[in-house]
Amino acid sequence: MKLIRLTILIAALLLPAIISPVEASPLVPKVGDIYEITRTKDSAQKGTGSNSSSHDKDTIIERVVGLRPDGLELEYDLPETTKAAERASQWQFPARIFKPTNGPAELLNRPELEARVAAWLKSAGVSRALCGHWYFTWNAFQVECDPQSVIKTVKSFELGPGNLHEGDSYQDPDASRPGKLSKKDSKPDKVIFSTEMPVDPDAVRRARAESDVVVGEIMREPVTLEAALSKHAKETVSGTISIDVETGSTGNVRRRTKVSKVNIQGPGTQSETDATTETLERRLISPRQ
């Protein structure tokens with residue numbers, strides 16, 4: 001009997017040392033922390049009589065500049081290696097944003113961004129009347145003049161909440177329903193969770209309709225959103241979204257890979273297959289004391 005009690009006591013004392021990595025406390029932000037967040041996107045389209053592909057890579061820097069009881073003050077900027085001409089056109093950065101624990105993000109340095117966009121429009125010889133319109137040079141771009149737009153840009157670099165567990169529900173905005181996370185790989189320094197969900201046909205059709213509107217504006221052959229939606233409503237859409245989420249030893253998400261495979265069957269024999277792989281990676285580039 002004494003031996004049994006002693007064994008139980010030893011097991012209780014050792015328990016904190018054998019907690020799995022995903023159950024560890026998430027890494028607490030500190031003022032001065034600097035993260036590099038990189039988004040890589042590869043797409044390929046195969047259709048009736050045509051093929052195309054694209055590759056994009058974007059990086060932003062996130063600095064923790066303030067801690068509040070209800071959230072974080074963060075500064076987002078372009079990498080130091082960004083060339084002067086590119087920095088001038090990316091007038092949204094640096095941006096200082098407050099991210100509350102609950103509720104929408106708040107832009108803290110709006111006057112600075114308003115001054116920078118005014119300077120950019122003047123140097124580019126662009127009238128404010130063109131704000132919001134789409135053009136094509138070496139790629140398609142929209143003349144963006146609203147300082148609040150930086151919040152949407154920053155949101156596209158978010159990896160989602162950490163401290164994940166097997167069986168947790170995972171929602172993707174392009175999926176028709178949530179998926180459940182399963183443990184794909186587990187090591188002392190990382191855990192990878194994965195899930196697969198069906199695509200949302202309505203989301204795909206709307207994205208294609210919005211693309212038609214943009215192309216119409218660029219080609220100066222305007223298309224209304226209603227007309228584009230009506231055109232794509234006849235398409236049959238199917239496919240999957242696969243997600244891999246990698247967490248570190250503290251449970252914080254440091255990498256997310258999203259693979260979308262979509263099949264589109266149009267009227268008659270028209271068909272199209274779209275495959276997109278998007279990877280978001282977040283890494284600490286400043287030492288923590």
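The values are calculated or read from the model by the stated rules, or taken from the named source; none is laboratory data. It should be emphasised that the depicted structure is a prediction, and the values quoted were computed from it without experimental measurement. Quick reminder, even Gly has a Cβ in these numbers, built from the backbone with ideal geometry, and neighbours come from all protein chains shown. The area values use the complete protein model at the heavy-atom level, side chains included, leaving out ligands, DNA and RNA. Shrake-Rupley method; radii C 1.70, N 1.55, O 1.52, S 1.80 Å.
Axis angle, to the nearest 10 degrees, between helix 2-14 and the longest C-alpha principal axis of the chain: 30 degrees. Solvent-accessible area assigned to carbon and sulfur over segment 131-289 amounts to 52 percent, based on a 1.4 Å probe. Give me log10 I(q)/I(0) at q = 0.10, 0.14, 0.16, 0.17 Å⁻¹ for segment 187-289, Debye formula, one equal scatterer per alpha-carbon, no solvent. Once normalised to I(0) and log-transformed, intensities are -0.46, -0.71, -0.81, -0.86. Summing Cβ point charges (Lys, Arg +1; Asp, Glu -1) relative to the Cα centre of the chain gives a dipole of roughly 700 debye. If you sort the three axes of the alpha carbon gyration tensor as a ≥ b ≥ c, you get a/c of 1.5 or more for the chain and a/b no higher than b/c, which makes it oblate.
Using just the alpha carbons, could you tell me how many Å³ per residue the convex hull of segment 42-85 encloses?
Residue-normalised Cα hull volume stands at 133 Å³.
The listed peptides 50-63, 146-159, ordered by packing as a protection proxy, come out as 146-159, 50-63 (highest mean of other Cβ atoms within 10 Å first). For Q148, put the label point 7 Å out on the Cα→Cβ axis and report which residues of segment 102-141 keep their amide N under 15 Å from it. 104-111, 114, 132, by backbone N distance to the label point. Extension gain for R110 to E221 (0.36 nm times residue separation, less C-alpha to C-alpha distance): 36.4 nm. Here's the picture: a label point sits 7 Å out from the Cα of T273 along the beta-carbon direction, and within segment 35-51 the residues with their amide nitrogen under 11 Å of it are 45-47.
Here's the picture: a label point sits 7 Å out from the Cα of T250 along the beta-carbon direction, and within segment 265-288 the residues with their amide nitrogen under 14 Å of it are 282-288. For helix 201-218, what angle does its Cα long axis make with the longest principal axis of the chain, in degrees from 0 to 90 and rounded to 10? Between helix and principal axis, roughly 40 degrees. Using the 1.4 Å probe convention, the accessible area of the chain works out to 62 Å² per residue with neighbouring protein chains retained. Ordering A228, T273, S286 by the projection of their Cα atoms onto the charge dipole of segment 210-289, which places +1 on the Cβ of Lys and Arg and -1 on the Cβ of Asp and Glu, puts S286 at the extreme positive end.
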